[in-house]
1. Report, as a whole number in µm² per second, the diffusion coefficient that Stokes-Einstein gives for the protein assembly as shown at 25 °C and 0.890 mPa s using the Kirkwood radius over alpha carbon pairs.
2. Hey, what did chain A get for relative contact order, percent, Cα under 8 Å, at least 6 apart?
3. Under a cut-off of 17 Å between alpha-carbon atoms, report the aspartates and glutamates in cross-link reach of B:K90, not counting same-chain residues fewer than 8 places apart.
4. Please report the carbon-and-sulfur percent of the accessible area for chain A; probe 1.4 Å, protein heavy atoms only, DNA, RNA and ligands left out.
5. Per residue of region A:268-278, what does 6.51 cos²θ - 1.76 cosθ + 1.60 with θ = phi - 60° give for ³J(HN,Hα)? Whole Hz please, x for Gly and Pro, Karplus curve as stated.
6. Quick one: grab the alpha carbon gyration tensor of region A:222-304, order the square roots of its eigenvalues as a ≥ b ≥ c, and give me rounded if a/c is under 1.5, else prolate or oblate depending on whether a/b is larger than b/c.
7. How would B:V13, B:V168 rank on accessible area, largest to smallest, probe 1.4 Å?
8. Mind checking the alpha-carbon convex hull of chain B and giving the volume per residue in Å³?
Amino acid sequence: MTRVVIACGLGGVGKTTAAAGVAVAHALAGRRVVVLTIDPARRLADALGLSGLGNEAVEVDLSPIGATGTLHALMLDRKATFDDLVRRHGEPDIVDRLLVNRYYRAASTRLSGAHEYMAIVKLEDLVDDGRWDVIVLDTPPAQHVVDFFHAPERMATLFEPGSLSALGGGGGLLGMATRRIGMVLERLAGESVIKDVGEFFRLMGSVGEHIRDQSEHIQKRLRSKDTGFVLVTSPRLDVLSDVEAFADLLRAQKMRIEGMLVNRVVLPPRLGHPIVPARLPRAPDEIEAAEWEALGLALAELPPMVDALARDHAAAISRLSAAVDGVPVSVLPEIPGGVRTLEALARLAPFLPT
Amino acid sequence: MSIPESIFARRIVVVTGKGGVGKTTVCASLGLAFAKRGRRACLVELNGQGRFAQLFGLGARSYAPRAVAPGVETISLTANECLDDFAHRKLKMDTVVRMLFKTRAVTGFLDAVPGLHDLFQLGKIENLLVDPHDDDPHYDAVIIDAPSTGHGLSMLSSARTMADLVRVGRFHELSSTIERTFGDPEKTTIVVVTLPEELPVNETMEFISALGPDRKLLSVVLANRYHAAPVPKGLAWELMEPLLRTSSDPDLRQLHRLALTEIERQDAEGTSVSRLAASLDGLPVAVLPWVPGESRHVLAALASDLLGDES
C-alpha cells in the first residue's frame, strides 16, 4: 500500500523545504519516494536537481547522501493538469471549444479550490502509477491551513447540476427563479460574461461530473489510514488559531496527524553564567582599549538577545504543542543561511517523522 | 528608521507581501503611526480572516468597526457582506431581491468569476472613504492588510482581470470606480513588506517587477524583523575571535558560536537589504527591527520606528 504524507501549513514557514526534508528522510530509510512540490525556491529546486522541470517526475541523484531508497520529484503545473483533466474526461467534440472559451482561459486555474484540487488529482496519478512506497505532497499556499481540506468540495460545488450551466443558455425550460436570477446577474455583470460562464459550465458537463464523483474518493483518500498529515509551522503565536482550527478539523474528521514540525527555531544560548565584559580575554597590545571595550559590551548583549528570541519561540512552541495535544512535535533548529543542499536536507532527517 | 512622510497624506495604504512576513503587525503599527500624526485610520482586512481581532485580543471578527487604539479602528470584510451592502446602498435592491444573492446559482457565479470577491471588498473600502453615510465612521485613511495570494498577483490586478472579463453592467462600473481611486497615486499607495532574507527578497523583487502600471503607487519596501547589529566586526573581533574559540571557559566558546551565527545572520540580512535596494531604482527601502515581547509593546515600538522617533 502506498503511504501518503501531506505537508500542510501557512505560507512563509518553509513548508516546501520541510516536505522535501520528509521525502529525503523516507529515502534514507530505504523507501522509494516521490515528492510533489509547489513552486520550490530556486536553491531547493537546485538541491533536488529539479531546475527547469515540471509536471513529470524526475529522479533525484541521492549518491551524495548515500541513501538506500530512491527519490523522485516533480512540480505541480496547474494549467497543464487542468487541461489534461479536460482532455481525459471531456466529450471529444467539445474539448477544443472548451480550451478556447474566453472564460476557461481566464478562470480555469483560478476557480475557487482549483489549485488544491489539481494537487490532489496529481497525487492520485502518482498513487495509480504504483512505483512508489511513499508520496509526499506539498500543499498550495493558503490563508488558513484548513483551506486545503475544503477546496475539493468548493470545486465540486461549482459543478453541481442545474446551477451555473443554466446561465445564459437558450433552454426554454428554465424556472422562474433561475430566469429572475439570470436577469439580476445580467444587470450586474452584462450579458456576455453570463453567456461565457454558462457555456463553460455546459461544456464542462462530463468533466464537472467527474470532478463531483471524485469528491467522495478524495475524502476517502484524506481519511485513509495510509494518509498522514504533517503540520509545518513557525515558532510564532500568530499562527496559534490556525493550528488549533487545523487540529480540531483533523480530529473531527478522524484524520491522522503524523507530527507537527516547528521550523527555524532559535535555541537558548545555554550559558553557565551570564557574560559580563570582565569575563572576556584581556586586550592585546596592538588594540586600543576603547575599541576592545566596545566589542566586549556588544558581545555581552548577545546572549540575552538570543535568549529573548529563544524564549519567545519556546513560549510559542509550548502553546502550539498544547493545541495539537498528543501529536509528536519536532523542533527544527534554525540553520544559518537556510537549507541549500541535499546534504542539509539529509541533516534534517533525524528530526522528521518517518 | 522612518518611512516617507508622503505616506501619511494618502487615503489608502495597501500593505502587501507574502505570507509570514508580518504584514498584519506592520499594518497595525502603521495605523498607530497615522493616529500619532493626527490622522484617523481604519485597519481593514479582507476575506474575514480575523487577524486584527486576534492581534488586539478582540475575539471574533466583525464587519462593524471597532476601536483598537485612540484614533484607530478596525473592520473585517467578507465578499458576501460587502455585496449585500452594495446591493442595498448602491443598487437600492430590496430585501427580497437581495435574498437571491444567497441562492446557490448566484453564490456559485460569484465564486466562479475570479476577482469578483476582491471587487466587492475594494468597492466597500472606496465607499467608506469617498461616500460615507451620516451614521458611518469617517476616516482619514484606510490601511489594508492585503491577502497574500502566493501567486505574486496584486489584489488590484485581480480586480482588473475581472473588469476585462465583465465589460458592461454595474460590476463593470464598480470596477472602473475602483480603478480610478486605487490607481491614483495621490490617493493610494502600496507598501510592500518583506523579510531581510534571500528568498523573501527574491520574491519581492519578482513581485515588484511584475507590478506593471501599479509600480507608480509604490512608496516604500519595508524589510521587517531586521536584527540590529549587536556584533561590531573589524580588528577587535579578529583579535578576540581566536581567543574565544580556544578559551578554556565553555561559556566563552558558546559565546563564540553565538557571535558567529549572529555575524552570519547580519551579513545575510545586510546583503539581502542591499540587493533589494539596488534593484529598486531609487524606491526607498526601510528596515523595521525585530522586537521581542507581547504584541502591544511590539506595535508601539514599531510605530515609533516608522515615525523615526528616537524615544
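The values are calculated or read from the model by the stated rules, or taken from the named source; none is laboratory data. Quantities reported herein were computed from a predicted structural model and do not represent experimental measurements. Here Cβ is always computed from backbone atoms with ideal geometry, including for glycine, and neighbour counts include all displayed protein chains. What goes into the accessible areas is simple: the full protein's heavy atoms, side chains included, and nothing from ligands, DNA or RNA. Shrake-Rupley method; radii C 1.70, N 1.55, O 1.52, S 1.80 Å.
1. Translational diffusion coefficient: 91 µm²/s.
2. Relative contact order comes out at 24 percent.
3. Cα-Cα hits under 17 Å: A:E186, B:E81, B:E126, B:D131, B:D134, B:D135, B:D136, B:E173.
4. 52 percent
5. The phi angles translate into x, x, 6, 9, x, 9, x, 7, 10, x, 4 Hz.
6. Prolate, since a/c reaches 1.5 and a/b exceeds b/c.
7. B:V168, B:V13
8. Spelled out: Cα convex hull of chain B, divided by residues, is 157 Å³.
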